[in-house]
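Just below is one structure, and these are the notes that go with it.
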Amino acid sequence: MTTRTSRRALLGALLAGAAASFSPAPPAPSGPTAGPDAPVARDRKAGTLFLGTYTSTVGGGTGIGVAGYAPATGVITGRTTITGVDNPSYLALHPSGTTLYAVDEQEQGGVTAVALGPGGTFRVLGTRSTGGAGPCHLSVHPSGRWLLSANYTSGSVAVHPIAADGSLGERTDLVVQTAPAPGPGQDGPHAHQIVTAPDGGHVLAVDLGNDTVYTYRLDTRRGTLRQLSYARLRPGAGPRHLTFHPSGRFAYLACEVDNTVVVCGYDPATGAVTPGAGQSTGTGTGPGTSYPAQLLVTGDGRFAYLANRGHNSLTRYAVEAGGAALRLIDTVPVGGDFPRQIAFSPDGALLFAANQRSGTVTVFDVDRADGGLRLTGTPFAAPMAACVLPLPPSGPAAVR
């Protein structure tokens, strides 16, 4: 988030302004609350959406939302809730598809595992401390044996072992990212993302406060991180999220403080990240602060999309020079307020946007030929939508 401002304080300010600036979507059809082992109606023709939210803020949700979507049209229907998870603002799925993980974004940060059982059942397996405050991102190592998480407020990254049943063990490592020094106006490190590179051998952590991307080696026997190198962005850039090109040789950074996107070279042999010059997002959004949130790249590597929270839009880029360059094509309204996170459907035909301030999810058809986006359907009401995670129709818990 912005300098010298906690994520929770800024969240409250955003909510106060949202009521006057955006009319919420009509309430979505609702279903029963799903506690441990609660069944959910199954429809094999529908995909599943898991929805992240905040539970401790006015206007937030009551747990992890679950809805269904039609792969052909993107229409979202139905709803149930997985309760017993506090502030699940970001979600990730185990490679097996049988366990869902959520951050518990609060002062005493945690990560929670939820088993996705047969017949559309859910069972909360438990929560482990991340050892830090305000965890805002997590990912599962490709081996399926380790969960990686980023503590935004305290500027640290953590590792937890994953048991055979998907549950989490006690934390095996915690690294506080203290060097280099924080950027201008920042009060310290603010880890915003941790992800495994496509080569599988390196873990990258993006720190907004330190304007830095760190490269680690994960010891897959002990669950510990060893720093190999770091790449410093321009002071005051505020890097938030990094997304890889399918080639694995380039990555793209959304920098929320200076409103830029940065194309980075990536060396799979060493894990070294080499940032290029920042491209202003204002070319597509005009003057003002756009708070770039996240980039997505199509599976064929031809197009990239940027979510602009301040401008409430999605910018489309052509990916050129084999991944080494981004060329702006156009910018379209997102159909909601403050698109915090975006995600493709598993087949890449749909793009979902989680609009935090309007409490909605909007859906776009993705044109395979030219990458164009077309808004489809009506916004789906999702309290303080912070994250959307789509599963295919064969997923374990489709709802109707």
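The values are calculated or read from the model by the stated rules, or taken from the named source; none is laboratory data. Model, not experiment: these values are computed from the prediction. Don't worry about glycine lacking a Cβ; one is built from the backbone with ideal geometry, like all the others, and counts go over all protein chains shown. For the accessible areas, the whole protein counts, side chains as well, though only heavy atoms, and no ligand, DNA or RNA atoms are used. Shrake-Rupley method; radii C 1.70, N 1.55, O 1.52, S 1.80 Å.
Rounded to the nearest 500, the helix-only mean residue ellipticity at 222 nm of the chain stands at -1500 deg cm²/dmol, with each DSSP H run of n ≥ 4 adding -39,500 (n - 2.57).
Given +1 at the Cβ of Lys and Arg, -1 at the Cβ of Asp and Glu and no other charges, the dipole of the chain around its Cα centre is 220 debye to the nearest 20.
Grab the beta carbon distance between D300 and R226, set R0 = 45 Å, and tell me the FRET efficiency rounded to 0.05.
On the way: r = 35 Å, r/R0 = 0.77.
Computed FRET efficiency for D300 and R226: 0.85.
Report, to the nearest whole %, how much of the accessible area of the chain belongs to carbon and sulfur atoms, 1.4 Å probe, protein only. Roughly 54 percent of what the probe reaches on the chain is carbon or sulfur. Projecting the Cα positions of S139, P71, H160 onto the charge dipole of the stretch 67-222 (unit charges on Cβ atoms of Lys, Arg, Asp and Glu, taken about the Cα centre) puts P71 furthest along the positive direction.
Rounded to whole numbers, the Karplus 3J(HN,Hα) couplings from phi for the stretch 361-368 are 10, 10, 10, 10, 6, 9, 6, 5 Hz, using 6.51 cos²θ - 1.76 cosθ + 1.60 with θ = phi - 60°, and x at Gly and Pro.
Using only Cα atoms, locate the centre of the stretch 304-345 and the centre of the stretch 118-141, then give the distance between them in Å, rounded to an integer. Each part reduced to its Cα centre gives a spacing of 28 Å. Apply the Karplus curve 6.51 cos²θ - 1.76 cosθ + 1.60, θ = phi - 60°, to the phi angles in the stretch 136-148 and return the couplings in whole Hz, x for Gly and Pro. Taking θ as phi minus 60°, the curve returns 10, 8, 8, 8, 9, 4, x, 5, x, 9, 9, 9, 10 Hz for the stretch 136-148.
Determine the per residue accessible area of the stretch 149-287 with all protein chains present and a 1.4 angstrom probe, expressed in square angstrom. Numbers along the way, then the final one.
Details: 4940 Å² over 139 residues.
Ligands and nucleic acids excluded, the result is 36 Å² per residue.
For the chain, the relative contact order comes to 16 percent (Cα pairs under 8 Å, sequence separation of at least 6).
Based on C-alpha pairs under 8 angstrom that are at least 6 apart in sequence, the stretch 37-149 has a relative contact order of 21 percent. For H202, the residues 5 or more places off, or on other chains, whose built amide H falls under 5 Å of its own are A197.
Order the peptides 141-148, 284-291, 304-311 from the highest to the lowest mean number of other Cβ atoms within 10 Å of their residues. Could you put the intermediate results ahead of the total?
Numbers: 141-148: 19.1, 284-291: 17.0, 304-311: 23.9.
Going by the mean number of other Cβ atoms within 10 Å, highest first, we get 304-311, 141-148, 284-291.
Site pair D330 and S394 shows an inter-label distance of 3.5 nm when each label is modelled 7 Å from Cα along Cα→Cβ. Checking [x] 34, 31, 21; [y] 59, 26, 17; [z] 28, 25, 21 against semi-axes √(5λ) of the Cα gyration tensor in Å calculated from these atoms, the matching label is [z]. Once C-alpha pairs closer than 8 Å and six or more residues apart are averaged by separation and normalised to the residue number of the stretch 122-243, the relative contact order reads 20 percent.
The dipole here belongs to the stretch 258-353: it is taken about the Cα centre, uses +1 on the Cβ of Lys and Arg and -1 on the Cβ of Asp and Glu, and is about 140 debye. In order along the stretch 117-134, the phi-based Karplus estimate (6.51 cos²θ - 1.76 cosθ + 1.60, θ = phi - 60°) of 3J(HN,Hα) comes to x, x, x, x, 9, 10, 9, 6, 8, x, 10, 10, 5, 8, x, x, 10, x Hz; Gly and Pro are listed as x.
So between D370 and E320, what do we pick up on full extension, going 0.36 nm a residue minus the alpha carbon distance?
The span from D370 to E320 would gain 16.7 nm if fully extended.
Using a simple spin-label model with pseudo-atoms 7 Å out from Cα toward Cβ, T378 and A269 lie 5.8 nm apart.
Give the peptides 163-176, 234-247, 77-90 in descending order of average Cβ contacts within 10 Å, highest first.
Values: 163-176: 15.6, 234-247: 21.0, 77-90: 23.5.
Going from most to least packed, we get 77-90, 234-247, 163-176.
Test of understanding: extend the Cα→C-beta vector of A349 to 7 Å, then name every residue of the stretch 55-80 with backbone N under 19 Å from that spot. Only 68-77 fall inside the zone, counting backbone N under 19 Å.
Report the extension gain between A181 and D199 in nm, rounded to one decimal, defined as 0.36 nm multiplied by the number of residues separating them, less their alpha carbon distance.
Fully extending the segment from A181 to D199 adds 3.6 nm.
Which residues among the stretch 85-109 fall inside the zone where the amide N is under 15 Å from a point 7 Å beyond the Cα of T62, along Cα→Cβ? The answer is 85-87. On a per residue basis, the stretch 315-373 carries 30 Å² of accessible surface, using protein heavy atoms and a 1.4 Å probe. Here's how it looks for Q294: its modeled amide H is under 5 Å from those of A307, which are all 5 or more places away or on a different chain. Positive-end ranking of V263, F303, P339 along the dipole of the stretch 251-353, with charges on Cβ about the Cα centre, is headed by P339.
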